[in-house]
Amino acid sequence: MARTVGIGKQNYEKIVVNNNFYVDKTLFIKEWWENDDEVTLIARPRRFGKTLNMSMIEQFFSVDYAGRSGLFENMNIWKEEKYQEMQGKFPVISLSFANVKENTFEKAKIRMCQILSDLYDKKGFLKNSGLLTEKEVNYFNRVSEDMAETDAIVCLQRLCD
């Protein structure tokens, strides 16, 4: 199959699997991991690959991608032996508001609450894992698409802690 550019693709796995052209930015994983900052702000114009980089980082570290080293074996990060051992070994919470394109603030808030609720649903197994306190489970159960703005704010804060 001929290689294509894959315009607009934001999912690292899809780009690699479909053999789209890709400028290897995987050493960003090393740079980011070895950085001592508590917060990483990536400020670039739209269409510069911010969401794609988030996807790449998630798919590199996430236990959901354990055994999927083939996504990275032909990339620069794979030349770093230390990082080969880290692929697919960590629980990852990935959140993107890239597709929030509503035309009013109220509609955007609703969409963001839906995204947060979907993320909590995806991690719903944690409620019965024994890893959360009773208070955390109770809060987990309050997260919904129609949650109050204050609950959404706390929801984001707890994801970041």
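What follows is calculated from the coordinates using simple rules that are stated; it is not laboratory data. Given the structure is predicted, the values throughout are model-derived calculations rather than measurements. Glycine gets a Cβ as well: all are built from the backbone with ideal geometry, and neighbour counts include every protein chain shown.
Numbers below:
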| quantity | calculated |
| --- | --- |
| Label-point separation in nm, Glu73 to Glu38, each point 7 Å along Cα→Cβ | 4.1 nm |
| In order through the stretch 61-69: 3J(HN,Hα) via Karplus (6.51 cos²θ - 1.76 cosθ + 1.60), integer Hz, x for Gly, Pro | 8, 5, 4, 5, 10, 4, x, 10, 4 |
| Of Lys30/Lys82; Lys30/Lys101; Lys30/Lys89; Lys9/Lys127; Lys109/Lys135; Lys30/Lys127, those spanning more than 21 Å from alpha-carbon to alpha-carbon | Lys30/Lys101; Lys9/Lys127; Lys109/Lys135; Lys30/Lys127 |
| Simple label model, 7 Å out from Cα along Cβ direction - Thr150 to Ala108, nm | 2.3 nm |
| Helix 105-122 axis, angle to the chain major axis (alpha carbon atoms, nearest 10°) | 80 degrees |
| Cα gyration tensor of the stretch 105-160 - equivalent ellipsoid semi-axes, whole Å, descending | 21, 11, 8 |
| Using distinct alpha-carbon pairs, which all enter the 1/r mean, Kirkwood radius of the stretch 1-89 in Å | 13.7 Å |
| Two-decimal Rg/Rh across the stretch 1-160, once Rg and the Kirkwood Rh are taken from alpha-carbon atoms | 0.99 |
